[in-house]
């Protein structure tokens with residue numbers, strides 16, 4: 001159980017203990033029979049204990065119920081780390097973060113202490129470890145009770161698109177690696193890269209046609225897992241100057257104005273590390 005649940009249980013046991021010892025110490029005092037209300041202090045403690053605990057316990061939402069730690073890579077380069085970080089923040093789930101510098105001699109030993117897959121990101125919830133960005137996003141949705149569209153058809157489409165991003169677009173990944181602080185990078189535009197960009201443009205445009213009346217994100221008013229999965233693509237398109245349709249460009253503009261993404265970008269800008277293997281294109 002989490003800390004809040006233990007405190008509520010303790011308050012309930014405290015009230016019960018007062019009730020029992022009161023009967024022993026003051027046997028003449030009437031006890032509640034179930035018909036009507038008995039004004040004795042122990043019953044009041046038992047009734048109000050959980051409420052008092054709820055008032056005095058620091059609460060920022062559901063996140064206080066678990067000690068979450070997200071282990072991520074460099075914010076400038078780690079696209080897989082960005083995805084669950086964005087969703088956790090949008091869902092209001094508080095977490096501590098540990099940033100490991102990628103492609104260093106010590107990285108392998110550092111990440112081995114956290115993830116059996118030896119890759120970032122990994123989410124720790126107490127003794128539980130969840131690795132892989134999409135798995136972390138699904139777990140976050142279970143904690144928050146939201147994170148996907150509410151209607152079944154919307155969830156199916158959102159999951160399909162999130163899974164497509166998770167498993168596809170290999171040419172885009174390799175040709176345009178995420179480099180959050182870089183701008184106006186120029187690379188060779190191959191047919192395969194153009195096809196990946198066109199498919200993403202098509203998917204975003206379709207989402208906006210179907211959900212645009214309900215809000216600015218891919219599936220309406222609420223930020224969802226699919227938006228998080230495509231957050232690194234938004235930064236890639238900014239870095240390398242992708243040519244997009246009006247609908248897709250509007251989505252990129254809205255995503256880049258998101259204060260949570262801006263916070264990540266500012267942290268990436270402040271990082272001192274440079275990974276030469278991820279520095280593609282000419283400024």
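Summary table below
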quantity	calculated
Residue match in region 255-273 (condition: in contact with a strand residue (DSSP E or B) (Cβ under 8 Å, 6 or more places away or on another chain), assigned to a helix (DSSP H, G or I) and buried (at least 16 other Cβ atoms within 10 Å of the Cβ))	no
Exclusive hit being crowded, with 20+ Cβ neighbours inside 10 Å and in a helix (DSSP H, G or I), set 193, 172	172
Restricting region 63-87 to residues that are over 30 Å from residue 168 (Cβ atoms) and surrounded by 15 or more Cβ atoms within 10 Å (Cβ to Cβ), the residue that is modelled with the highest pLDDT	66
Extreme residue, nearest to residue 183 (Cα to Cα), among residues of region 211-247 that are surrounded by fewer than 18 Cβ atoms within 10 Å (Cβ to Cβ) and touching a strand residue (DSSP E or B) at 6+ places or on another chain (Cβ under 9 Å)	241
Selection within region 88-115 - over 13 Å from residue 71 (Cα atoms), surrounded by fewer than 20 Cβ atoms within 10 Å (Cβ to Cβ) and touching a strand residue (DSSP E or B) at 6+ places or on another chain (Cβ under 9 Å)	94
Residue 183 vs. criteria over 16 Å from the mean Cα position of the chain (by Cα), surrounded by 19 or more Cβ atoms within 10 Å (Cβ to Cβ), touching a residue at least 60 places away in the same chain (Cβ under 8 Å) and assigned by TED's automatic domain parsing to the domain that holds residue 227	no
Among (1) assigned to a helix (DSSP H, G or I); (2) over 30 Å from residue 150 (Cβ atoms), the one test that residue 183 misses	(1)
Residue within region 205-220 that is part of a helix (DSSP H, G or I), in the same structural domain as residue 254 (by TED's automatic domain parsing) and closer than 30 Å to residue 67 by Cβ present	no
Count of region 234-254 residues which are farther than 22 Å from residue 215 by Cα and not in a helix (DSSP H, G or I)	3
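The values are calculated or read from the model by the stated rules, or taken from the named source; none is laboratory data. Values in this document were obtained by computation on a predicted structure and should not be read as measured data. With ideal geometry, Cβ positions are generated from the backbone for all residues, glycine too; neighbour counts draw on all protein chains shown.
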